[in-house]
1. Just to be sure, is residue 421 in contact (Cβ under 8 Å) with a residue 12 or more places away in the chain, crowded, with 16+ Cβ neighbours inside 10 Å, in a helix (DSSP H, G or I) and outside the structural domain of residue 316 (by TED's automatic domain parsing)?
2. Select from segment 350-397 the residues that are under 19 Å from the mean Cα position of the chain (by Cα), surrounded by fewer than 23 Cβ atoms within 10 Å (Cβ to Cβ) and in a loop (DSSP other than H, G, I, E, B) and list them in ascending order.
3. Residues to consider are 179, 192, 196; find the one that is assigned by TED's automatic domain parsing to the domain that holds residue 371, over 23 Å from residue 132 (Cβ atoms) and part of a helix (DSSP H, G or I).
4. Given the conditions (1) under 21 Å from residue 360 (Cβ atoms); (2) touching a helix residue (DSSP H, G or I) at 6+ places or on another chain (Cβ under 6 Å); (3) assigned to a helix (DSSP H, G or I), report the number of the one that residue 297 does not fulfil.
5. Report yes if residue 338 is closer than 30 Å to residue 484 by Cα, touching a helix residue (DSSP H, G or I) at 6+ places or on another chain (Cβ under 6 Å) and modelled with pLDDT of 95 or more, otherwise no.
6. Does residue 327 fit the bill of being under 21 Å from the mean Cα position of the chain (by Cα), surrounded by fewer than 20 Cβ atoms within 10 Å (Cβ to Cβ) and touching a residue at least 24 places away in the same chain (Cβ under 8 Å)?
7. Within the bounds of segment 272-280, is there any residue that is out of contact with any helix residue (DSSP H, G or I) (no Cβ under 6 Å at 6 or more places or on another chain), assigned to a helix (DSSP H, G or I) and crowded, with 17+ Cβ neighbours inside 10 Å?
8. Within the group 243, 230, 250, which residue is outside the structural domain of residue 84 (by TED's automatic domain parsing), under 18 Å from residue 190 (Cα atoms), surrounded by fewer than 17 Cβ atoms within 10 Å (Cβ to Cβ) and in contact with a helix residue (DSSP H, G or I) (Cβ under 9 Å, 6 or more places away or on another chain)?
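The values are calculated or read from the model by the stated rules, or taken from the named source; none is laboratory data. On a predicted model such as this, the values are computed, not experimentally measured, just so you know. Every residue, glycine among them, receives a Cβ derived from its backbone with ideal geometry; neighbour counts consider all protein chains shown.
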């Protein structure tokens, strides 16, 4: 059996990211995708419901929120026969069915508050797994491009640990999955050029693109760059190569059209077309400034390695022209599409999440810059950019950035979002480390842990719903919101506060920690080889 390349890198990334995951679900985007999976499994339906959940003010000094706020649990749109349907395509919800079933298996009980809490936890581990797999694929792709093992491993680590992707281990957003699928499609397209199995690789590329569209329809903007790339390399290939590439896209297109017809009465009616506020009215230059260099959402600030990636992309036009064209068109498609999108910020998230699909490509082109002229200076610059990136993004792993935004919003409710995006002093990148130190100081008082336990126990005992999934999950959202605002953002801390067995939680955390340390040592051996 052929050995998996960079296996220890994959194991290290999986164990490290799972160890540091938040293990919770947030209202709206996260909860919508969770409910899609849960409704499919529990009730066999694709409809969704929408509730309001109120987070009351906390009385313990330092706990948030200080002011009660109410939000919707999910994002839903009206469809046929008065039913509500999720705003999102079900691709990610379907892929995550196994993790949901693991949560149900761990509870070993009928649907109740404990089982929903466990399924929130297991389902939320989806993004750590996806990010680890994408980081591993970056290393595999880099090796296929002829980079050394050391550089390939370093780039895989850089993507997963030294970019804005790292804090997304604590979310259930779809962008990590889309980034992984787009990278897989690019890799498959490149492999079709160099492999004897052209048709198979083109089918993989088409399938990855189709899955990305099935996860989020907007991923369709990636299709034209791939069509051009395939034509540049395989314009004379037999018809079966084109069929292999387009067949998965057609199949997923038919599935999406069928879903739209069943939900909204027309195959061409999408959920976003029903929303009146969806528009592309942002001035282009404002959007480009915001997405690239604004203090609160700038790609080049949250991801320092992207500077080297842009330099490497220009160099790639001389060394790998066709790959450079594909990479550049993907970057331009993302930038130009979202720069004019009304909701270009992506909302309440860390960095410019809509641009996440370009990050694996920019990490690879940063590697191209070093690969072509591996001087000590270039290597040192690349390492420095990675260290800076890790330092910038780490605090959003330790404490969720929502704590700072909630606190800021209570102090300046009219202007805090604009200030957090446009003012350097108010941006999350500037304020996140102080938020971490604030939480750390808070828990130096023994009474803080006791207060957190008391709040959790009180909410556990106050459930008075009807026992439906919607009621239970809405109640469970309080715990997830309390944890992301008031604790270090690690799943084992959350499970301990929820009253799960300290021995069981401790043993599981120690096992993952041991695997992280051992696989890290093995990666170190691989990283320091001279190949």
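1. On the way: in contact (Cβ under 8 Å) with a residue 12 or more places away in the chain: yes; crowded, with 16+ Cβ neighbours inside 10 Å: yes; in a helix (DSSP H, G or I): yes; outside the structural domain of residue 316 (by TED's automatic domain parsing): yes.
Judged against the criteria, residue 421 is a match.
2. 394 - this is the single residue of segment 350-397 that is under 19 Å from the mean Cα position of the chain (by Cα), surrounded by fewer than 23 Cβ atoms within 10 Å (Cβ to Cβ) and in a loop (DSSP other than H, G, I, E, B).
3. On the way: 179 fails: over 23 Å from residue 132 (Cβ atoms); 196 fails: part of a helix (DSSP H, G or I).
Of 179, 192, 196, the one residue that is assigned by TED's automatic domain parsing to the domain that holds residue 371, over 23 Å from residue 132 (Cβ atoms) and part of a helix (DSSP H, G or I) is 192.
4. With respect to (1) under 21 Å from residue 360 (Cβ atoms); (2) touching a helix residue (DSSP H, G or I) at 6+ places or on another chain (Cβ under 6 Å); (3) assigned to a helix (DSSP H, G or I), residue 297 is out only on (3).
5. Values: closer than 30 Å to residue 484 by Cα: yes; touching a helix residue (DSSP H, G or I) at 6+ places or on another chain (Cβ under 6 Å): yes; modelled with pLDDT of 95 or more: yes.
So residue 338 passes the test.
6. Working: under 21 Å from the mean Cα position of the chain (by Cα): yes; surrounded by fewer than 20 Cβ atoms within 10 Å (Cβ to Cβ): no; touching a residue at least 24 places away in the same chain (Cβ under 8 Å): yes.
No.
7. At the first step, the residues of segment 272-280 found to be out of contact with any helix residue (DSSP H, G or I) (no Cβ under 6 Å at 6 or more places or on another chain) are 272-277, 279-280.
From what is left, the residues that are assigned to a helix (DSSP H, G or I) are 272-274.
Adding the requirement that they be crowded, with 17+ Cβ neighbours inside 10 Å leaves none.
No, the conditions are met nowhere in segment 272-280.
8. Values: 230 fails: surrounded by fewer than 17 Cβ atoms within 10 Å (Cβ to Cβ); 250 fails: under 18 Å from residue 190 (Cα atoms).
Just a single option satisfies the conditions, and that option is 243.
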